[in-house]
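Taking it in order: structure first as structure tokens, then the write-up.
The values are calculated or read from the model by the stated rules, or taken from the named source; none is laboratory data. Quick caveat, the model's predicted, so the values are computed rather than measured. Counting neighbours? That spans all protein chains shown, and the Cβs are built from the backbone with ideal geometry, glycine included. These area figures cover heavy atoms from the full protein model, side chains too; ligands, DNA and RNA do not enter into them. Shrake-Rupley method; radii C 1.70, N 1.55, O 1.52, S 1.80 Å.
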Amino acid sequence: MAVVVPGVTLSSCDLTMPVIGMGTSSSPPVAPETTKAAIIEAIKAGYRHFDTAFAYRTEQPLGEAIAEALRLGLIKSRDELFITSKLWSSFAEKDLIVPSIRMSLRNLQLDYIDLYLIHWPLKLSQEVRQMPVIREHIFPLDIKSVWEAMEECKSLGLTKAIGVSNFSCKKLEELLSTAKIPPAVNQVEMNPLWQQKKLREFCKARGIHVSAFSPLGANNTKWGDNRILECDVLGEIAKAQGKTTAQISLRWLYEQGVSSIAKSFNNERMKQNLDIFDWSLTEEESNKISQLPQRKGITFESILGPHDLALELDAESLDDC
């Protein structure tokens, strides 16, 4: 029996987003057929929210999986799914954004995306093919003009909602100062070891929903580690609850009012990640988690190199913890 995942209503649009989505980014990349097969299994398990991006190169296998799920009768309509994709930084200038979302729609074989996010709060040269980048290929983001084009994507019906990813309080303030449509979502790194309290309070006060990527620490990726899954405090709580450490992390996020993008292509763990809704953490357990030492896992410096802009963005995000 497939799990029914609860939803959260997004502001600035009449849209409900499932509180757990399946991530599709793999490091190192896997074959498109592997991604497609995992997504079909996820739909069988009850996932209805899928998170992709042009940069992940998973839009096409996701589109093929959706078409296959419809053909198999696993879903009756595309409208049963919530699809998030992201504007890549090489296309983050006003005239390139509508063509960029149209390209993503072709990859996905869809007429619309549910949520379209600015992937990073910076612009990259179109010459960039690998990370880290040279200093001449990284630029500040023109937030005003880029957001105007994101608003155009929504007004054209190419996406139902628009938002951002990896934005600090400072970058959100800048965006909100000129936006006609406020961002519905800010997708950021968040888990019990990087709790983002200040950023969450800032977003809550402005009706911006926070969605967590790397909720389990992104273990087995070049940017993540096993500090969540090997955290003694979370492990002790998991043992007391008869749950996995991953489930404790995801349940804690859910109890913070945050949605999660959890990535597993393992069928059993995929199901376990949805099994967080019929139990809760005790007050004592929540207090223990709130006192865990904090450390950001992913930095722009580690991905892009030690450039001034990357260091500036990292400093802003450290101010938000």
Pull up the stretch 66-94, narrow it to residues that are within 19 Å of LEU158 (Cα to Cα) and among the acidic types (Asp, Glu), then point me to the one that is surrounded by the fewest Cβ atoms within 10 Å (Cβ to Cβ).
ASP79
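Say whether the condition of being open to solvent by 10 Å² or more (accessible area, probe 1.4 Å), assigned to a helix (DSSP H, G or I) and within 23 Å of HIS209 (Cβ to Cβ) is met by at least one residue in the stretch 1-23.
No - not one qualifying residue is present in the stretch 1-23.
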Where the second residue is open to solvent by 80 Å² or more (accessible area, probe 1.4 Å) and outside any loop (DSSP other than H, G, I, E, B) and the first is more than 17 Å from THR245 (Cα to Cα) and lies in the stretch 276-297, which pairs have Cβ atoms under 7 Å and are six or more apart or on separate chains?
LYS296/LEU318
Within the stretch 249-280, can you find the residues that are touching a Phe, Trp or Tyr at 6+ places or on another chain (Cβ under 8 Å) and of a type in the set (Phe, Trp, Tyr)?
TYR254, PHE277
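Here is a yes/no grid of residues against (1) in contact with a Gly (Cβ under 9 Å, 6 or more places away or on another chain); (2) farther than 23 Å from ARG200 by Cα:
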residue	(1), (2)
GLU236	no, yes
GLN241	no, yes
GLN247	no, no
ARG251	no, no
GLU255	no, no
ALA262	yes, no
PHE265	no, yes
LYS271	yes, yes
ILE276	no, no
Can you tell me how many residues in the stretch 56-102 are hydrophobic (A, V, I, L, M, F, W, C) and within 22 Å of ALA184 (Cα to Cα)?
11
In the list ARG78, ARG71, which residue meets the criterion of being free of Cβ contacts under 8 Å to residues at least 24 places away in the same chain and over 21 Å from SER260 (Cα atoms)?
ARG71
Search result, residues across the stretch 301-321 that are without any contact (Cβ under 8 Å) to a residue 24 or more places away in the chain, of a type in the set (A, V, I, L, M) and either open to solvent by less than 30 Å² (accessible area, probe 1.4 Å) or out of contact with any helix residue (DSSP H, G or I) (no Cβ under 7 Å at 6 or more places or on another chain) (or both)
ALA315, LEU318
Within the stretch 157-180, the residues that are farther than 13 Å from TYR116 by Cα and aliphatic (A, V, I, L, M) are LEU172, LEU175, LEU176, ALA179
Residue count, the stretch 42-63 (criterion: assigned to a helix (DSSP H, G or I), of a type outside the set (A, V, I, L, M) and surrounded by fewer than 19 Cβ atoms within 10 Å (Cβ to Cβ))
2
ILE39 meets each of (1) closer than 20 Å to LYS160 by Cα; (2) β-branched (Val, Ile, Thr); (3) surrounded by 19 or more Cβ atoms within 10 Å (Cβ to Cβ) with one exception, condition (1)
Condition broken by PHE202, with the remaining ones in (1) over 20 Å from GLY21 (Cβ atoms); (2) of a type outside the set (S, T, N, Q); (3) over 19 Å from the mean Cα position of the chain (by Cα) satisfied
(3)
Might you let me know whether the stretch 94-114 holds any residue that is in contact (Cβ under 8 Å) with a residue 60 or more places away in the chain and outside any helix (DSSP H, G or I)?
yes
Subset of the stretch 254-300 that is at pLDDT 95 or above, of a type in the set (A, V, I, L, M, F, W, C) and part of a loop (DSSP other than H, G, I, E, B) - its residue that is surrounded by the fewest Cβ atoms within 10 Å (Cβ to Cβ)
TRP279
Search the stretch 122-177 for residues being at pLDDT below 95 and assigned to a helix (DSSP H, G or I), and hand back the single one that is least open to solvent (accessible area, probe 1.4 Å).
GLU136
Look at ILE97 and say whether it is under 26 Å from CYS153 (Cα atoms), modelled with pLDDT of 95 or more, β-branched (Val, Ile, Thr) and more than 19 Å from the chain's Cα centre (by Cα).
yes
